[in-house]
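What follows is a single structure, written as structure tokens, with notes after it.
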């Protein structure tokens, strides 16, 4: 009979512990709110934020624009001076023919926007 009482006491203690822990979790969520969603891949905000390409850009230009922002981010994180001409992606794009010029145009614009945002403390006026 003693083992039954002991088992009941263990179960009661476990139930009390779980109740206390769930109360702490609910209080923390109520006090601080739900955590923010994870950022989108690649660090881009999308949806017309500071990193949105100009609406008139075609697909290759948009790709260049995003790659330019990414290049500016890498230069910023590695404490390199901002210079689009030092980026291999700009000097040697993977596109040929007319797409090469369009990609470089988008890259240069994205790099400028990225530098302005990351190195000068904010988006400032859009260059377009």
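What are the semi-axes of the equivalent ellipsoid for the stretch 42-119, taken as the square roots of 5 times the Cα gyration tensor eigenvalues, largest first, in whole Å? Spell out each step's value before the answer.
On the way: eigenvalues 69, 52, 14 Å².
Its equivalent ellipsoid spans semi-axes of 19, 16, 8 Å.
Would you order 75, 88 from fewest to most other beta-carbon atoms within 10 Å of each residue's own beta-carbon? Provide the component values of the computation, followed by the final result.
Numbers: 75 21, 88 8.
Lowest count first: 88, 75.
Among 66-72, 96-102, how do they line up by average Cβ neighbours within 10 Å per residue, starting with the highest?
Most protected by this proxy first, the peptides run 66-72, 96-102.
Here, each number is a calculation from the coordinates, and none is a lab measurement. What you see is a predicted model, and the numbers here were worked out from it, not measured in a lab. Cβ coordinates were reconstructed from backbone atoms using ideal geometry, including for glycine residues, and neighbour counts include every protein chain displayed.
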